[in-house]
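Chemist: This is the structure I have questions about; it appears just below.
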Amino acid sequence: MCSLAPAVVKRQGLKHMLKITNELENAELIRVNLHGHFTAEYVSEVEKTLSSSGQNAGEVALDLRNVTFVDRAAMEYLRGTRLTKIKIENTPSYVTRWIEQEVS
């Protein structure tokens, strides 16, 4: 497993941040790991990272294992991502329930 250069996104004046790291699992899979608070201001950066990672590999996985907070905008983004080829891994249970409630 090879670790690619991390991207840390921090907006001035905010006390919470989101760290984005990429791991090259193998020639066909890149895992994008999120660490921290996934909120509306970071959705575009996550989109950009997933898009550029997808150009470099056949499959892209978004790992939410280290996400400690998700707001409505990020949850809606995750719900939409479920319809794409991006695999979402280690989704916190409260996010899974929230997405399921929104779908029904």
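Chemist: Being closer than 19 Å to Asp71 by Cβ and not in a strand (DSSP E or B) is the filter here; which residues of segment 14-38 pass it?
Modeler: Leu14, Lys15, His16, Met17
Chemist: When you scan segment 53-81, how many residues do you find that are at pLDDT below 85 and either out of contact with any strand residue (DSSP E or B) (no Cβ under 9 Å at 6 or more places or on another chain) or surrounded by 13 or more Cβ atoms within 10 Å (Cβ to Cβ) (or both)?
Modeler: Final tally of qualifying residues: 4.
Chemist: Could you please give the count of residues in segment 82-104 that are of a type in the set (Gly, Ala, Ser) and touching a strand residue (DSSP E or B) at 6+ places or on another chain (Cβ under 6 Å)?
Modeler: 0
Chemist: Let me ask something else. Which ones in segment 82-93 are within 11 Å of the chain's Cα centre (by Cα) and either free of Cβ contacts under 8 Å to residues at least 24 places away in the same chain or on the phi > 0 side of the Ramachandran plot (or both)?
Modeler: Of the residues in segment 82-93, the ones within 11 Å of the chain's Cα centre (by Cα) are 86-91.
Selection gives Asn90 alone.
Chemist: Tell me, which residue of segment 82-96 that is more than 24 Å from Glu25 (Cα to Cα) and among the hydroxyl-bearing types (Ser, Thr, Tyr) is surrounded by the most Cβ atoms within 10 Å (Cβ to Cβ)? Give the derivation first.
Modeler: Taking segment 82-96 and keeping what is more than 24 Å from Glu25 (Cα to Cα), we get 93-96.
Right, trim to among the hydroxyl-bearing types (Ser, Thr, Tyr) and you get 93-94, 96.
Working: Ser93: 7, Tyr94: 11, Thr96: 13.
Step by step, filter segment 82-96, then rank; the result is Thr96.
Chemist: Touching a helix residue (DSSP H, G or I) at 6+ places or on another chain (Cβ under 9 Å) and either among the aromatic types (Phe, Trp, Tyr) or surrounded by fewer than 20 Cβ atoms within 10 Å (Cβ to Cβ) (or both): is that true of Ala27 in this structure? Before you say what the answer is, go through the steps one by one.
Modeler: Details: touching a helix residue (DSSP H, G or I) at 6+ places or on another chain (Cβ under 9 Å): no; either among the aromatic types (Phe, Trp, Tyr) or surrounded by fewer than 20 Cβ atoms within 10 Å (Cβ to Cβ) (or both): yes.
Here the answer is no, as Ala27 does not meet what is asked.
Chemist: Related question: Within the set of pairs 6+ apart or on separate chains, which have a first residue in segment 67-78 that is in a helix (DSSP H, G or I), a second that is hydrophobic (A, V, I, L, M, F, W, C) and surrounded by fewer than 16 Cβ atoms within 10 Å (Cβ to Cβ), and C-beta atoms under 9 Å apart?
Modeler: Arg72/Ala40; Ala73/Ala40; Ala74/Ala40; Tyr77/Ala40
Chemist: Go through the residues of segment 60-81 one by one and say whether even a single one is within 21 Å of Ala27 (Cβ to Cβ) and of a type in the set (Gly, Ala, Ser). Step through it out loud before you land on a result.
Modeler: Pass one, segment 60-81, residues within 21 Å of Ala27 (Cβ to Cβ): 60-63.
Retained after the next criterion (residues that are of a type in the set (Gly, Ala, Ser)): 61.
Scanning segment 60-81 turns up at least one residue that is within 21 Å of Ala27 (Cβ to Cβ) and of a type in the set (Gly, Ala, Ser).
Chemist: Further question on the same structure: Of all the residues that make up segment 56-85, how many are farther than 15 Å from Thr21 by Cβ, of a type in the set (Val, Ile, Thr) and in contact with a helix residue (DSSP H, G or I) (Cβ under 6 Å, 6 or more places away or on another chain)?
Modeler: Here the count works out to 1.
The values are calculated or read from the model by the stated rules, or taken from the named source; none is laboratory data. A quick note: this is a predicted structure, and the numbers were derived from the prediction, not measured. Because the Cβ atoms are built from the backbone with ideal geometry, glycine has one as well, and the counts that use them run over all protein chains shown.
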